[in-house]
Amino acid sequence: GPLNCCQKCFDCSCCQTNEDEVEILGPFPAQTPAWLISSQNEDKDGDSDNAISELPPTLQDVSPDRRRSSSDTSRSTYSLTRRISSLESRRPSSPLIDIKPIEFGIIGAKKEIVQPTILRKTYTPDDYFRKFEPRLYSLDSNSDDMDSLTDEEILSKYQLGMLHFSTQYDLLHNYLIVRVIEAKDLPPPISYDGSRQDMAHSNPYVKICLLPDQKNSKQTGVKRKTQNPVFEERYTFEIPFLEAQRRTLLLTVVDFDKFSRHCVIGKVSMPLSDVDLVKGGHWWKALVPSSQNEVELGELLLSLNYLPSAGRLNVDIIRAKQLLQTDMSQGSDPFVKIQLVHGLKLTKTKKTSCMRGTIDPFYNESFSFKVPQEELENASLVFTVYGHNVKSSNDFIGRIVLGQYSTGAPESHHWRRMLGAHRTAVEQWHSLRSRQECDRVSPASLEVT
């Protein structure tokens, strides 16, 4: 435009327009000569000589003709400068900006104020104490405090003795070898009911398992009346090498008591990922308290099959495992007694053969009871495992009840499965219960001996 031209030659005639028609769009750019910018500060009524005197020296030393031409250019420039000054005086010194809050949203959407919902609940003292987790305050070897203690500190703190054992993995045959060597400084036995005859010595043995599988455990023989037993027993677990590295070896030292349930003295747990299984090694570890004060009574595998047309209830006693040891010298001589109860009346009793010197007996024996279909809903089967004893009465190991007066949810579930699958054998493992527990929940248990 004209302004761009005047910035170069300062003569509006080259743009074929009058100097009064020049549209001033704004202040001069950075390329404007300094002598032109300084002329803006001159008085509007000053003469042209003063303006000429302000010209650079190169323009003052030229000839008169060229000075006259320069004078004309100066007048045009001075007129342009006055117009710029007048426009600058009209523009406010600082802009006025109307600041409004910026709102974001979808066009056409209705504004809705959403307030956060505050859930209020009135807490009672019971609610307050319910928030505590007892397991955080129990004596458990998996806690951080227990892991931070050395064996010497654990031994001095709990005084439960120490256990000597070793491990090694056989890559050729793919099994883990666990050797229980000995224990020392075990504490004297504790009897809450005063039924123990010897309160000075323990009858310890060791149970071995690979967590998280506690069902397939093994156990040593019982060492009589000693606080420093020597076991020297070796056990194998058939397990792949990679799976063995993910397991935790658990060794539980138990005190055998013929007249009551066996009591746990202490335990040792060791993650197998922390040791070199192929190279092997042996360790002395201090025993720590166990949250399980009593050992399990064992498990029993049963199969039930009902034939509606014949009105026969067939029962298979397949096997048992990890039964409570009742004989200190040779394990146990277990057998199973099966009793049919109609309502609250004992009607039939049968039993398996006796398996000598084992806590993991295999029976595979079948029994049949005549039960009409209309009487099936009132029938109960009582299974009791005993340890045979020649010198005195048989030793009670454990019991369960299936049927109308079941002793628990697993037993009820097995019975319902049998009722829904006539002519089909239904198998299930059951954990044995104590006599007191069965008598408390099942009236059928009270009707048998």
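The table for this structure:
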{"item": "Residue, nearest to D327 (Cα to Cα), within the stretch 224-252, restricted to residues that are more than 38 Å from the chain's Cα centre (by Cα), open to solvent by less than 60 Å² (accessible area, probe 1.4 Å) and not β-branched (V, I, T)", "result": "P229"}
{"item": "Residue in the stretch 254-275 that is at pLDDT 90 or above, assigned to a loop (DSSP other than H, G, I, E, B) and touching a helix residue (DSSP H, G or I) at 6+ places or on another chain (Cβ under 8 Å) present", "result": "no"}
{"item": "Evaluation of A421 against (1) part of a helix (DSSP H, G or I); (2) among the hydrophobic types (A, V, I, L, M, F, W, C); (3) farther than 20 Å from K337 by Cα (one fails), failing number", "result": "(1)"}
{"item": "Selected residue [within 29 Å of D255 (Cβ to Cβ) and among the hydroxyl-bearing types (S, T, Y)] from T326, T349", "result": "T326"}
{"item": "Every residue from the stretch 411-424 that is surrounded by 15 or more Cβ atoms within 10 Å (Cβ to Cβ) and within 21 Å of K321 (Cβ to Cβ)", "result": "E411, H414"}
{"item": "All positions within the stretch 340-398 that are loosely packed, with under 15 Cβ neighbours inside 10 Å, in a strand (DSSP E or B) and of a type in the set (D, E, K, R)", "result": "K345, K348, K370"}
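The values are calculated or read from the model by the stated rules, or taken from the named source; none is laboratory data. Bear in mind that the values here come from a model prediction, so they are computed numbers and not experimental data. With ideal geometry, Cβ positions are generated from the backbone for all residues, glycine too; neighbour counts draw on all protein chains shown. These area figures cover heavy atoms from the full protein model, side chains too; ligands, DNA and RNA do not enter into them. Shrake-Rupley method; radii C 1.70, N 1.55, O 1.52, S 1.80 Å.
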